Amino acid sequence: MEFTLREIAARVGGDISGNPDLVITGVSEIQNSAPGTITFMGNMQYKKYISDTTASAIFVSNPDHLSGKNGIIVENPQLAIAKTLRLFHPEPEVNKTVRKGTNIHPDSKIGENVMIEPGATIENDAIIGRESWIGSNVYIGPDVIIGEHCRLYPNVTVYREIEIGNRVIIHSGTVIGCDGFGFVPGENIHEKIPQTGNVVIGDDVEIGSNTAIDRATIGSTKIGDMTKIDNLVHIGHNVNIGKGCLITAQVGIAGSVTIGSYCTFGGQAGVVPHVTIGDKSTFAAKSGITKSMAGGKTYAGYPAREIRDHHKREALIAEISRMRQKLDQLLNARKED
Amino acid sequence: MEFTLREIAARVGGDISGNPDLVITGVSEIQNSAPGTITFMGNMQYKKYISDTTASAIFVSNPDHLSGKNGIIVENPQLAIAKTLRLFHPEPEVNKTVRKGTNIHPDSKIGENVMIEPGATIENDAIIGRESWIGSNVYIGPDVIIGEHCRLYPNVTVYREIEIGNRVIIHSGTVIGCDGFGFVPGENIHEKIPQTGNVVIGDDVEIGSNTAIDRATIGSTKIGDMTKIDNLVHIGHNVNIGKGCLITAQVGIAGSVTIGSYCTFGGQAGVVPHVTIGDKSTFAAKSGITKSMAGGKTYAGYPAREIRDHHKREALIAEISRMRQKLDQLLNARKED
Amino acid sequence: MEFTLREIAARVGGDISGNPDLVITGVSEIQNSAPGTITFMGNMQYKKYISDTTASAIFVSNPDHLSGKNGIIVENPQLAIAKTLRLFHPEPEVNKTVRKGTNIHPDSKIGENVMIEPGATIENDAIIGRESWIGSNVYIGPDVIIGEHCRLYPNVTVYREIEIGNRVIIHSGTVIGCDGFGFVPGENIHEKIPQTGNVVIGDDVEIGSNTAIDRATIGSTKIGDMTKIDNLVHIGHNVNIGKGCLITAQVGIAGSVTIGSYCTFGGQAGVVPHVTIGDKSTFAAKSGITKSMAGGKTYAGYPAREIRDHHKREALIAEISRMRQKLDQLLNARKED
């Protein structure tokens, strides 16, 4: 597949600098570029690579960075390259159809142009919206509602009564709606608390592989529109996550936590049960959030503190050996007095 | 579905305070209550919600807490609400049967009233006890024994020769009996140590989604009766866990660890190989257990210490800046002398 | 099954000490031994068990450790026992065949003696090498290449275009080639960056259960020959791992990380994006690697430091209370002056 700079600019936007008829055959990263490709300068730390890049053209936000090379000036080079990648790698066209070897309950409703792959099971009263894609060996429980243009990759499990919005992507092995970890503890028995609620997932959510999202005990566990969840994440029962959050791999959110919108969690962070986290909070990797946190700030450490306080505290430890030295001097001086 | 207070008290136990003919239509949480529902006061921290609750009745342990509202006095309000939830949300009645699209080896033994859903595979010489439920795309390997009244949700994998007790619940994506991480390390090769043992799971165990429990190298990895394991937990080969433990999400237990009964592990805690943990130990979230630990105590931190020592140590760090200040005063005073 | 010491030594190597006609009926661990079995002394810490062991024979590296018992002297007792375990527990012989209930695309290429189990799906243009074993409900996407003598356990998912070498073992629930967590963040939208690359896995790799390995955005995520990966590990897009690494359970490697050969990661360790780790690095459990690290060293802590520095730093904290005492003495003395 190949496109001229002019064709790329027409699809992606931006102003061409240099030869609009230049033929581009693919996309590359600036530090691993190849002739014929278009690359991008995502931020200033990659500026050093521009002079040596073998790419034939570059997306930049500042025309001065081109230093005479061919390129396209755009507001957001990373967004431009994302769109160009899709240009060179269009979604494979498939014959949307229900394939052989599926198990579809007659009392389910399958929308127009839905693709269902071999081994998938759709139970009674489930609804699959138009243009959605249900991969091999996916299980869709009774009374589940799945929106339009969704994509559930192979071996996903969706328990009964779950509601999933439009354009939701769920990667393989992920489980939506399993029972929360709820027991009435006793001396010789842990009595199971029935998990009678469900999970409601908004539009444009993407969920990685082997993640688990528990159904609510009562009511709904909620994932807001445009929230993106990575691989191997645990989300407990009755969690309520706002819009546009980014929850990276191996994060654990305990039960009944409320998270605002546009929050970011670094990998392996964890949140204790029953706390509330404000909008636009950011948590460093491996943070342990032990209490409710105001929004708009960046936190780190365990227990998580504002990152400035966390760094001060870490620096204090380095201080100790210097202090010990001074203290010993004082003690020696005192002895000599 | 609706029940009078009298009917609920008859099923759940307890003494009615107020109108026994009051009609209850559901269950709610005290901080999110709704008219017509019954709620509960699980512990004193929820007392503040009682005056404002819109629920029509409350389970309490102390009749004074009702302040004239309708309610049921029980010893354990949380247990009462768990039973009431089941009253309003009975297990769906299903026609227990082997459905179409299953792969059942003729040399397996399937008990009475077993339900096997589409895409499930039962291999040779496997035994499934009566009233058990095998979900879609579950794989049950050769020589596996599964007890009575078990429930394996879709996409669970049980490797060969595993033994599972009665009333065991295993959620989707969980893998029981995969090979332990055993290699003889060498300069240019890691020789695989054959994992020839199995896993033995007791009665009344519940295991969450996408958890992995390794088979033993020799002998058995053991999970005791009534132990409850959450999502995304790793349990290594030859681990031996006692009865009634609570192991929350994303905990990792390395190989050959022995854990007593009634232990609790907070989320994302980890245990190094070959250590022994006494009965009724409790570990805070994110603990890192690096050596054997006596039972009956609460631990936190990495390396895990008794929680009192952990808190002292954390407090010491906060002390440093005050100490530095004093030290500087002393140094300055000395200079002035 | 039983073998004489002579037969075992003939298969495994080593010099017999004692009665070569002694009949051995199995393998045991030295601290849980049983009459009739052969055990091994893997390292000096197990020496204390030798006098009390009930095993009939012992693999040792030093004949003096036998103290007159029957045994076999070998260079590496752990390797010897691994081979002996295989002797007593040979791989089950199976009729390699494509079983009923599979979904195999006519445009795939299935090698000689390949076993494909019920519910497995093989898509168009996939290639499965000879003697490989594809478990129940495994999904092999379009254009995937799987080498010879591989074993994919039930419920594994391999996305399109992935390349897997020879003698690779992948345990249940693991996902290879899902989309990396790549979004262009914006005020009100997270634009998905198409993940157009693939994953390339070398020879003799073993991957545990419920692990997730992301495909590259551009190019390939790479796992080198002989690298062993445990359960519940996350490997991000464009990660490049060398040969012979050992990556234990619940480790997370963020995107675009480069790891040399023969590195070891303890459980629950994590690596931030875009760093480079030298050959033969070792990281303690729960390490947080925040920058590039030179090879050949052992690191611990978060942020990860050389282990010596980490231990010093930890020891400093214990120092504080002693320092506070001294400081208070000085202050009191000053007041008295």
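Observations on the model:
- Net charge contributed by nearby residues that have their C-beta within less than 13 Å of residue A:271 (K/R +1, D/E -1): +3
- Averaged over peptide A:323-334, the number of partner chain Cβ atoms lying within 10 Å of each residue's Cβ comes to 5.
- Solvent-accessible surface, computed for protein heavy atoms with a probe of 1.4 Å, shrinks by 20 Å² or more for the following residues of region A:192-209 when the other protein chains are added to the isolated chain: A:192, A:193, A:194, A:196, A:206, A:209.
- Solvent-accessible area of region A:236-279 (1.4 angstrom probe, protein heavy atoms only): carbon and sulfur portion equals 56 percent.
- Pairwise centroid distance, computed over Cα atoms, of region C:82-128 with region A:254-325, Å: 48 Å
- Carbon + sulfur, % of accessible area of region A:3-88 - ligands and nucleic acids excluded, 1.4 Å: 46 percent
- Sequence-separation-based contact order of chain C, relative, with Cα cut under 8 Å and 6+ spacing, percent: 6 percent
- Per-peptide average of other Cβ atoms within 10 Å, ordering B:24-31, A:155-162 highest first: A:155-162, B:24-31
- Nonlocal amide H pairs with residue B:220, under 5 Å, H built at 1.01 Å: B:198
- For region B:103-307, the calculated P(r) over all alpha carbon pairs, in 10 Å bins from 0 to the bin holding the longest distance, is 10, 36, 31, 17, 5, 0 percent.
- Along region B:30-40 the Karplus relation, 6.51 cos²θ - 1.76 cosθ + 1.60 evaluated at θ = phi - 60°, assigns HN-Hα couplings of 5, 7, 10, 7, 9, x, x, 9, 9, 10, 8 Hz to successive residues, with x for each Gly and Pro.
- Here residue B:109 is the anchor, and the lysines within straight C-alpha reach of less than 17 Å, apart from those fewer than 8 places off in the same chain, are B:96.
- Percentage relative contact order, region C:188-317, counting C-alpha pairs under 8 Å, at least six apart: 14 percent
- Equivalent-ellipsoid semi-axes for the protein assembly as shown (Cα gyration tensor, √(5λ), whole Å, largest first): 40, 38, 38.
- The alpha-carbon positions of region C:1-94 define a convex hull whose volume is 88 Å³ per residue.
- Inter-copy label distances for residue B:23: 7.9, 7.9 nm (label point placed 7 Å from Cα along Cα→Cβ; shortest first).
- Tail weight of P(r) past 14 Å, computed on alpha-carbon pairs of region B:139-204, percent: 62 percent
- Segments C:286-295, A:94-103 sorted - mean Cβ within 10 Å per residue, highest first: C:286-295, A:94-103
- Distant-in-sequence amide contacts of residue A:26, defined by a placed amide H-H separation under 5 Å and a gap of 5 or more residues or a different chain, comprise A:38.
- Couplings 3J(HN,Hα) of region A:273-288, computed from phi: x, 6, 9, 10, 10, x, 4, 6, 7, 10, 10, 5, 3, 6, 4, x Hz, in residue order, whole Hz [Karplus 6.51 cos²θ - 1.76 cosθ + 1.60, θ = phi - 60°; x for Gly and Pro].
- Cross-link partners for residue B:326 among the lysines, with Cα-Cα distance under 21 Å and sequence neighbours closer than 8 places in the same chain left out: A:312, A:326, A:335, B:312, B:335, C:326, C:335.
- Total accessible area lost when B and A pair, probe 1.4 Å, Å² to nearest 100: 4800 Å²
- A Cα-only calculation for region B:86-158 places Rg and Dmax at 11.9, 41 Å.
- Per-copy distances of the residue A:329 label point, shortest first, in nm (7 angstrom along Cα→Cβ): 2.0, 2.0
- Listed peptides A:209-221, A:314-326 appear in the order A:209-221, A:314-326 once ranked by packing, highest mean of other Cβ atoms within 10 Å at the front.
- Average accessible area per residue (Å²) across chain C - probe 1.4 Å, nucleic acids and ligands excluded: 39 Å²
- Local net charge near residue C:167, Cβ-Cβ under 13 Å (Lys/Arg +1, Asp/Glu -1): -4
- Peptide C:151-162, shielding by other chains (average Cβ, 10 Å cutoff): 5
- Copies compared at residue A:36 - label distances in nm, ascending, label defined 7 Å from Cα in the Cβ direction: 6.8, 6.8
- Amide H contacts of residue C:143: C:125, C:126, C:161, each under 5 Å away and 5 or more positions distant or on a separate chain (H built 1.01 Å from N in the peptide plane; Pro and chain starts excluded).
- Those residues of region B:238-269 for which accessible area with every protein chain present is at least 30 Å² below the isolated value (1.4 Å probe): B:246, B:250, B:262, B:268
- J(HN,Hα) series, region B:191-198, from Karplus relation 6.51 cos²θ - 1.76 cosθ + 1.60, nearest Hz, glycine and proline x: 6, 5, 8, x, 9, 9, x, 9
- Helix-only [θ]222 nm of chain A, DSSP H runs n ≥ 4, -39500 (n - 2.57) each, per residue, nearest 500: -5000 deg cm²/dmol
The values are calculated or read from the model by the stated rules, or taken from the named source; none is laboratory data. A quick note: this is a predicted structure, and the numbers were derived from the prediction, not measured. Please note: Cβ atoms are built from the backbone with ideal geometry, for glycine as well, and neighbour counts cover all protein chains shown. Ligands, DNA and RNA are excluded from the accessible area calculation, which covers all protein heavy atoms including side chains. Shrake-Rupley method; radii C 1.70, N 1.55, O 1.52, S 1.80 Å.
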